[in-house]
Structures are given as structure tokens and as C-alpha cells.
Amino acid sequence: MVQTIIYLMIYLGSALMVFNIYGFVRFAHDVRKQKAWDGNDCVLYVPVVLLVLFLLGYLTVGFFGKPDLIVSGILFGGSVFVFVVYRLLSTIMERVFRNQEIEARLMAAEETNRAKAGFLASISHEMRTPMNIILGLDTLALKNADLPASVREQLEKADASAKHLSGLIDNILTIQEEESDETALLSERFSLKETLEQICAQISFLCEQKGLDFQFSFPKCANRDYAGDAARLRRALMCILENAVKFTDAPGSVHFCVLFEKEQDAYTRLRFVVSDTGIGIDEAFLPKLFQPLTQENQSFTNRFGGSGMGLAVADRLVRRMGGTLEVESRKGAGSTFTVALPLLSVGGDPCTNCEGCRPDQSELCANCKGCSHVAPAKAEAAAVDLAGRRVLIVEDVDVNAEIVADLLELEDVESERAENGQIAVEMVEQAPENYYDAILMDLRMPVMDGLEATRRIRALKRADVQSVPIIALTANAFESDIEASIAAGMNEHLAKPADSDLLYSALRRWIGASQRKTEGGKSRD
């Protein structure tokens with residue numbers, strides 16, 4: 001019985017050793033196939049040679065020797081040990097190969113995303129350039145008071161369709177950019193008050209066109225400056241407010257208020273609340289509200305326009321900034337959208353009657369001595385007259401420059417043109433101080449782009465270059481483009497095709513701000 005066990009262990013060990021030899025041969029082949037071995041490939045087969053010698057030793061002992069239980073146990077245990085080592089090495093290499101494959105796929109996906117982002121940026125620019133021409137020429141044509149009624153109606157329909165297409169392009173590109181996570185979240189100091197005034201200037205104009213009442217409230221005793229991503233915040237709030245205007249009929253109203261909760265660890269939790277008296281939303285549709293290209297009723301597209309992209313964009317931007325977007329609505333009773341967002345408070349100038357206090361929610365704080373709690377809806381310096389102002393247009397495409405010059409001429413604004421950024425820098429450098437009231441800067445140009453031109457203009461050794469408004473007017477409309485524009489020293493970013501009224505509004509606002517900085521008039525040559 002003992003002899004049977006001894007020889008059984010020897011022959012089973014021999015059979016297992018044959019399997020081990022086969023396994024190590026396959027292992028060496030797989031390593032070579034994956035090109036995971038940088039050294040001499042012959043080294044991979046050394047274990048195979050050694051195992052063959054061990055197998056011959058097993059067979060010699062079995063046929064010609066007189067093994068006992070201890071020797072046979074050692075031989076069988078050796079085969080088992082080699083088998084365990086082989087399986088361990090195989091498992092490790094399988095995981096290494098799998099991880100390499102996953103890493104290769106991730107790199108390929110990242111490369112694909114980069115190529116896609118580059119393609120979208122390029123195609124966006126190419127689409128916006130002709131769209132800018134279409135809308136510009138349409139706007140100029142509509143300024144003609146002698147147009148026949150039928151022609152005016154056709155031009156207005158063309159204008160509305162082109163603006164709808166432009167907005168759709170904006171939203172699709174924004175969603176793509178946020179989902180690709182290619183752009184970093186900014187945390188730069190900005191004036192919340194000025195940002196909200198820019199938003200309200202545009203929304204107030206839209207409400208006025210549609211016959212809606214617009215009200216905006218902002219506690220004057222609150223801090224003015226915060227650190228965060230102003231471009232994304234502005235875009236998110238614009239999407240929500242434009243949606244409110246779109247789905248509210250005259251004589252309805254849109255209310256926009258900002259509430260400040262208690263500060264924690266230098267962060268202030270702000271709540272931006274947008275309420276309207278519009279058509280409202282059915283409760284059953286609310287879970288789908290922030291999905292792209294969804295609308296509660298297809299007839300809304302015909303009645304109100306839009307594509308169901310605006311709120312999806314706002315939701316993604318808010319979540320990217322670490323906030324939340326919530327909605328309360330009833331069918332036929334209007335809607336209320338609330339953005340809750342933490343922002344780092346970095347100071348600013350509270351109102352003169354305040355002792356540096358902080359308001360809790362919408363209530364006035366205890367130290368406030370009679371300051372007005374509600375800011376006016378039309379906060380922009382509308383009194384600034386554009387007539388007689390001089391604007392430098394930096395644009396490499398002739399027809400785009402001509403359209404902008406014609407639009408400015410309608411407001412009696414003088415304009416000069418630079419074909420690229422290098423020429424613009426030279427023109428500003430050679431001009432007398434305070435010669436230009438504002439600069440409209442394209443981004444993508446030959447010789448020198450708009451970003452570099454802006455940096456060089458701001459770096460000139462003269463007093464007026466820090467206060468002169470530089471406004472981006474470009475077909476580059478990604479959030480990353482807006483961030484780059486502001487970082488380069490521009491005051492605002494307008495994407496082509498730019499609405500003429502928004503262009504005029506931006507010029508009035510920034511020229512007025514520039515005047516206040518320089519404390520009164522400027523000399524002209």
C-alpha cells in the first residue's frame with residue numbers, strides 16, 4: 001500500500017511537472033507576444049530547461065531508484081510548488097496586460113476627446129463666421145425705415161431663425177465641453193455686483209422687447225467681490241433667465257433676486273432665485289427637465305421657440321461649480337428656479353452706511369443703518385452716449401469688420417480698423433492717450449491673435465491702457481475661450497454673431513465704467 005502511494009505521488013508529480021513545463025512555455029510566449037520583456041528573450045526559457053531537468057530526475061527516480069515516502073513527498077511537493085508559482089505569475093501578468101489594455105483604451109479615448117474638442121472648436125468658428133455675417137447684414141437691413149412691411153417681416157423671421165440656430169450651437173458646444181471635462185474650473189476674483197449688472201442689462205432689454213416687467217434685488221450691504229468662475233456663473237444664470245423670459249407672455253413678470261446665507265469657513269452660500277409668471281411646468285415632467293433636447297410639449301417649440309438645451313446647460317454648469325439647481329413649478333402658475341452655490345468671499349466695498357456686516361438670508365443685518373436693500377433693475381450706466389465715441393475694430397475678415405463698423409455708425413460711433421493683433425498694438429501705441437474709447441478684439445487672427453494683442457496693449461507704458469475697455473468679439477465661444485479672454489485682460493467676451501443691442505449695451509457699460517475710473521472727461525486730438 002505504501003509503495004503504491006509512493007509511485008502514485010511520483011507519477012502525479014511528473015504529470016504535473018509536464019503541465020508546468022507547458023505552462024511556462026506558453027507564459028514565455030505570451031510575454032514575448034505582448035512585448036513586455038526588454039531583455040534577452042532566451043532568459044524566459046531558462047525555467048523551462050530547469051523544469052525539464054527536474055522532470056527527468058523524477059522519471060529516473062521512479063524507474064531506476066528506490067524512493068521512500070519522504071523522497072516521493074518532496075518530489076510531489078516540488079511539482080505543486082512550481083504549479084503555484086506558475087499560476088501566481090500568470091495571474092500577475094494577466095492583470096498587468098489587462099491594465100495596459102485599459103490604459104491604452106483610456107489614452108485613445110482621451111486622444112479622441114482632444115481631437116473632438118479641436119474639431120468642435122474649429123467647426124464652431126467656421127459656423128459662427130458666416131452666421132455673424134448673416135445676422136449683421138440682417139440687422140443693418142432692418143434699420144432701414146423705408147422697408148416694405150412684407151420684406152421687414154421676412155427679415156425678422158430670418159433674424160429669429162438665425163439667432164435660434166446660433167443659440168443651439170452655443171448650447172451643444174457648452175454641453176460637449178463640460179462633459180469632456182477639458183477645461184479647468186477657475187477660481188479668480190471677480191465683482192459679483194458687476195457680473196449681475198451685465199446679466200440684468202441683457203435680460204432687462206429682452207423683457208422690454210417682450211413687454212414683461214423685470215425686477216432685480218441685491219442686498220447692498222453684502223460683499224461685492226468673490227473668488228470663483230465668473231464666466232460659468234454668468235452663462236448658467238443667463239440660460240435660466242432667458243428660459244424664464246421665453247416661456248412668459250406679456251404682461252407677465254420675471255423676478256431675479258440674490259440671497260446670502262451665513263458664511264462658513266470664509267465661504268458664502270449664495271442663492272440666485274429666478275421666478276416668473278409664465279406657463280409653468282407639469283409636475284410629472286420635472287424629473288426630465290434638465291435632460292438635453294427635451295421639452296414638455298412639442299407645441300412649445302412652435303409657440304416659444306427653443307430646443308430644450310438651455311436648462312440642461314445651466315444644470316451642468318452649476319453642478320460643475322459645486323452647486324445645485326432646483327425648480328418649483330405648477331402648470332399655469334409660473335416657475336421658480338434656485339441656484340445654490342458656495343463662493344469664497346474676498347471682500348469688496350459694502351454700502352457706505354454699513355459697518356462691514358453680513359446679511360442673513362434676505363433680511364437686513366443689525367448693523368445696517370438705512371441703506372437701500374434693493375438694487376435697481378437697470379444698473380448699467382445707460383446715460384453714457386455712444387455718439388462721437390471712437391472704437392478700434394480688430395478683425396481680419398473684411399466683411400465682418402465692415403458689418404461692425406456699419407453697426408457702430410448707426411449709433412454715430414467713429415471706428416478704425418486693425419487687420420490683426422500686431423497692427424492693433426502699434427495703432428494703440430502710436431495714438432495719443434485716451435484716443436480710443438473702446439477696442440473690439442477678435443481672437444483668431446494671423447500674425448498675432450487677440451489674446452496676445454490684449455496682453456501687449458495692457459503692458460504698454462502709458463496711463464490709458466489699463467482703463468480702456470477691450471471687449472472680445474469673436475467666433476470662439478467655448479467657456480475656455482471666455483476664461484482665456486478675461487485672463488488676458490479683456491473686460492467682456494461677446495460671441496459672434498453678436499446682437500447689435502448687446503454690443504451697444506456692452507460699449508455703454510464699459511465706457512461708462514472707464515470714465516468713472518479716470519474721473520471725468522478725456523482730451524481728444
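What follows is calculated from the coordinates using simple rules that are stated; it is not laboratory data. Please read these numbers as outputs of a predicted model, since none were measured by experiment. Counting neighbours? That spans all protein chains shown, and the Cβs are built from the backbone with ideal geometry, glycine included.
Near Ser217, the amide H atoms lying under 5 Å from its own belong to Phe256, Cys257, Val258; only residues 5 or more places off or on other chains count, and H is placed 1.01 Å from N. Between rounded, prolate and oblate, where does the range 43-87 land on the alpha carbon gyration tensor, with a ≥ b ≥ c its root eigenvalues, rounded for a/c under 1.5, else prolate if a/b exceeds b/c? Since a/c reaches 1.5 but b/c is at least a/b, the shape of the range 43-87 is classed as oblate. Taking packing as the residue-averaged number of other Cβ atoms within 10 angstrom, the listed peptides 190-196, 388-394, 330-336 run from highest to lowest as 388-394, 190-196, 330-336. Highest average first, the peptides 104-111, 233-240, 245-252 ordered by how many other beta carbon atoms sit within 10 Å of their residues are 233-240, 245-252, 104-111. Residue ranges 130-143, 50-63 sort as 130-143, 50-63 when ordered by packing (mean number of other C-beta atoms within 10 Å per residue, highest first). Where does the charge balance sit around Asp501 when Lys and Arg score +1, Asp and Glu -1, over other residues with C-beta under 11 Å from its C-beta? Within the 11 Å Cβ shell, the charges total -2. Counting charges near Arg462 (Lys, Arg +1; Asp, Glu -1) among other residues having Cβ under 12 Å from its Cβ returns a value of -1. Taking amide H as placed 1.01 Å from N in the peptide plane, the amide H of Lys496 sits under 5 Å from that of Thr474, Ala475, Asn476, each at least 5 places away or on another chain. Taking Cβ atoms as reference points and 9 Å as the exclusive limit, the residues near Val394 contribute a net charge of -3, counting Lys and Arg as +1 and Asp and Glu as -1.
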